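> Structure incoming, see below.
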Amino acid sequence: MGQVFKVSAHDDGRRVDKVIRKKWPDLPLAAVMRAFRKGLVKVDGRRVECSSRVAAGSAVAVPWDDAEAEARKPSFSGPGAPSPSIEIIYADNDVCLINKPWNLLSQPDRDGGESVISRTTATLGWKDPSFFPTPVHRLDRNTSGAMALALNGVALRVLHEAWRKGNVLKTYLALVVGEAPNELEIDSPLLKTGEDNIVGIDAARGRTALTRFRKVTGDSVVSLLQVELLTGRPHQARVHLASIGHPLVGDIKYGDRKVNAEWRLLGVHRPMLHSRSLEFRDLSAPLGHLSGKKFLALPPPDFMGILSSRGWRLYNRGV
């Protein structure tokens with residue numbers, strides 16, 4: 001009973017309990033901790049604490065088998081034809097930046113479900129079964145634009161750290177209803193309530209949220225905003241913009257029903273929010289070569305169509 005496995009380069013420097021739980025995600029936490037207390041988990045033949053860190057190539061002995069390992073491996077393609085491709089903005093051995101289309105989940109909601117992961121895996125011709133392209137952040141299903149995926153465990157940890165420290169600047173383009181002010185900062189706390197995935201402003205119980213924007217151009221009907229999210233709360237841009245009377249065009253959850261019905265007749269079927277750019281400020285190795293780099297994602301046809309219909313140019317004023 002039991003087995004020994006080698007620590008992959010993706011898990012170099014991680015806590016041994018995290019590595020084990022990644023390998024056996026369905027194993028109860030109590031069982032993992034019990035194995036450590038009884039000295040049944042060993043690294044290179046020596047008993048270790050759950051907080052011990054492991055190096056690539058180390059041999060980890062555990063007291064359980066993994067007969068269902070193959071059954072639990074991620075499956076990113078459904079039966080039949082392979083997944084469609086996705087637009088790659090940039091890729092190297094550590095990171096891949098893609099232009100996410102709208103109406104696509106960041107992660108699959110079921111085994112074999114279509115998602116950013118499945119399309120990126122197919123586009124890159126991914127062959128490594130020990131690690132799959134992993135989103136570092138997420139975009140809502142109907143939000144399009146720039147998105148970062150890590151291609152190995154070390155890059156994933158570096159990018160997560162960069163996000164936590166605010167070393168990644170995320171800029172969005174938003175088409176909102178009405179003539180918005182030239183610039184504004186919104187800091188209303190946000191709280192997710194109920195089972196309908198609704199987010200609202202709650203000064204007493206909400207989490208800190210900060211949104212800044214400047215108006216690129218606009219008229220009395222619609223405005224194009226360049227939006228910076230300094231926090232990453234669910235539906236942050238949608239709720240904050242709606243709270244000042246300028247909801248996203250096409251946002252049926254937080255916008256105006258009558259106005260959205262008119263836009264629907266013009267071919268708008270989702271909230272007009274696009275992740276325009278990702279800018280990396282100061283990244284640790286092995287991603288230091290990306291420090292100071294900014295990557296842009298072109299908006300999809302539905303977004304560009306509105307701009308064209310009003311005679312607006314995307315590249316005005318450095319957008």
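> Give the aspartates and glutamates whose C-alpha is closer than 12 Å to that of K170, dropping any in the same chain fewer than 8 places away, or say none.
The reachable aspartates and glutamates, counting only those whose Cα sits under 12 Å from K170, are E228, E279.
> Need one number: nm distance between label points at K22 and D111, each 7 Å from Cα along Cα→Cβ, rounded to one decimal.
It works out to 2.2 nm between the two label points.
> What are the lysines whose alpha-carbon lies under 22 Å from the alpha-carbon of K253, with same-chain residues fewer than 8 places away excluded?
K100, K192
> Report, for region 87-161, the % of DSSP beta bridges that are antiparallel, rounded to 5.
Just about 100 percent of them are antiparallel.
> Compute the convex hull volume of the Cα atoms of region 87-161, divide it by the residue count, and report the result per residue in Å³ as a whole number.
89 Å³
> Only bridges whose two residues both fall in the chain count here: according to DSSP, what percent of them are antiparallel, nearest 5?
95 percent
> How about region 92-136: which trypsin sites (Lys or Arg not before Pro) there are in a DSSP loop, with at most 13 other Cβ atoms within 10 Å of their Cβ?
Filter output for region 92-136: R110, K127.
> Give the residues of region 269-303 whose amide nitrogen is closer than 19 Å to a point set 7 Å from the Cα of S8 in the direction of its Cβ.
Within reach of a label on S8: 286.
> I would also like to ask the following. Which of V48, V222, V199 ends up with the largest GNM mean-square fluctuation for the chain, with Cα atoms connected below 10 Å?
Among V48, V222, V199, the largest GNM mean-square fluctuation belongs to V48.
> Here's a follow-up. With each label point set 7 Å from Cα along the Cα-Cβ vector, what nm distance links L40 and L184?
5.9 nm
> Helix-derived [θ] at 222 nm for the chain: sum -39500 (n - 2.57) over DSSP H runs of at least 4, divide by residue count, nearest 500?
-6000 deg cm²/dmol
> Straight distance only, please: which lysines reach the Cα of K38 with their own Cα at less than 30 Å, same-chain residues fewer than 8 apart left out?
K6, K18, K22, K23, K73
> Continuing with the same structure: Longest segment of the chain with no GluC sites (Glu not before Pro) in a DSSP loop having at most 10 other Cβ atoms within 10 Å?
69-194
> G145: net charge of surrounding residues, Cβ under 15 Å, Lys/Arg +1, Asp/Glu -1, itself excluded?
Spelling it out: positives minus negatives among the neighbours equals +4.
> Where Lys and Arg each count +1 and Asp and Glu each count -1, what net charge lies around V227 among other residues with Cβ under 10 Å from its Cβ?
+3
> Among (i) 24.7, 81; (ii) 21.8, 66; (iii) 22.6, 72, only one was calculated for this model; which label is it, if the read-out is Rg and Dmax of the Cα atoms in Å?
Looking at Rg and Dmax of the Cα atoms in Å for this model, the match is (iii).
> Over the alpha-carbon set of region 154-281, work out the extent along each principal axis and list the three values in angstrom, largest first.
Projected onto its principal axes, the Cα set of region 154-281 covers 47, 33, 25 Å.
> In addition: Please work out the C-alpha center-to-center distance from region 245-319 to region 9-71 and express it in whole Å.
One Cα centre to the other: 43 Å.
Read-outs throughout are calculated quantities, based only on the coordinates presented, and are distinct from any laboratory measurement. Quantities reported herein were computed from a predicted structural model and do not represent experimental measurements. For neighbour counting, all protein chains shown are included, and Cβ atoms are generated from backbone atoms with ideal geometry for every residue, glycine included.
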